[in-house]
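Below is one structure, written out as structure tokens; the observations come after it.
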Amino acid sequence: MRATVDAVVNESKALDAVSPKVLAVTVLTSLSTSELQNELRLTATAEEQVISLAQLAQNANVDGVVASPQEIEGIRAACGTQFVILTPGIRPAWATTKGDQQRITTPADAIRGGANYIVVGRPILQSDNRVEASKRVLDEIAGAL
């Protein structure tokens, strides 16, 4: 990870450009604690694993992580407020299904929890009216601010 960060910084300097944020992926939101422990043979819970990976990323000078919204508070406690958190696994309160995602929350809860960025894909893409679905997500976010 450190080599990636160094390469991004050096290339940005060479191009006289602002360095983009580098994010590391922690544990996919489609994996539950039981899957991590039973199938991947990890002893940690999903949250413990995510926080450990976030700390490793931070120690490698990575700007932040992609992590489940359920782990935001733990990451904030371990890595501080300047560390970027992007959260997939966002399901609006009105969404009827969670799909294959195991560790999810609403846009409002993710924002209140401290997410810098959220990813809302399927609830919008699978909607009959994507514009209306997008507006409803934005309304949920506005309600959390």
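Throughout, read-outs are computed from the coordinates displayed, never taken from laboratory work. Not measured: the values here are computed from a predicted model. Virtual Cβ from ideal backbone geometry, glycine too; neighbours counted across all protein chains shown.
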* **Neighbourhood charge, 13 Å Cβ-Cβ cut-off, centred on Leu53 and excluding it, Lys, Arg +1 and Asp, Glu -1** => -3
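Stick to the Cα atoms of the chain, pair each with every other, and give me the Kirkwood hydrodynamic radius in Å at one decimal. Please report the intermediate quantities before stating the final value.
Working: mean 1/r = 0.0614 Å⁻¹.
One decimal place: 16.3 Å for the Kirkwood radius.
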* Asked: So how do Glu71, Glu48 line up by other beta-carbon neighbours within 10 Å, fewest first?
  -> Glu48, Glu71
* Find which of Ala57, Leu86, Leu31 sits farthest along the positive direction of the dipole of the range 20-145, computed with +1 on the beta-carbon of Lys and Arg, -1 on that of Asp and Glu, about the Cα centre. => Leu86
* How large is the charge dipole for the range 2-144, taken about the Cα centre, if only the Cβ atoms of Lys, Arg (+1) and Asp, Glu (-1) carry charge, to the nearest 20 debye? -> 140
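Return Ser68, Ser12 ranked ascending by Cβ neighbour count within 10 Å, so the fewest neighbours appear first.
Working: Ser68 27, Ser12 13.
So the residues, fewest neighbours to most, are Ser12, Ser68.
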* **Cβ crowding within 10 Å averaged over residues, with 49-58, 120-129 ranked highest first** => 49-58, 120-129
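Go through the range 31-129 and name the chymotrypsin sites (Phe, Trp or Tyr not before Pro) that are in a DSSP coil and have 13 or fewer other Cβ atoms within 10 Å of their Cβ. Present the calculation step by step, with values, prior to reporting the outcome.
Details: sites: Phe83, Trp94, Tyr117; in loops: Phe83, Trp94.
Of the chymotrypsin sites (Phe, Trp or Tyr not before Pro), the ones in loops of the range 31-129 whose Cβ has at most 13 other Cβ atoms within 10 Å are Trp94.
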* **For the range 119-145 and the range 1-64, distance of Cα centres in Å** => 27
* Please report, in debye to the nearest 20, how large the charge dipole of the range 1-40 is about its Cα centre when each Lys and Arg carries +1 at its beta carbon and each Asp and Glu carries -1 there. => 160
* Semi-axes of the range 51-135's equivalent ellipsoid from the Cα gyration tensor, sqrt of 5 times each eigenvalue, largest first, rounded to whole Å? -> 27, 11, 11
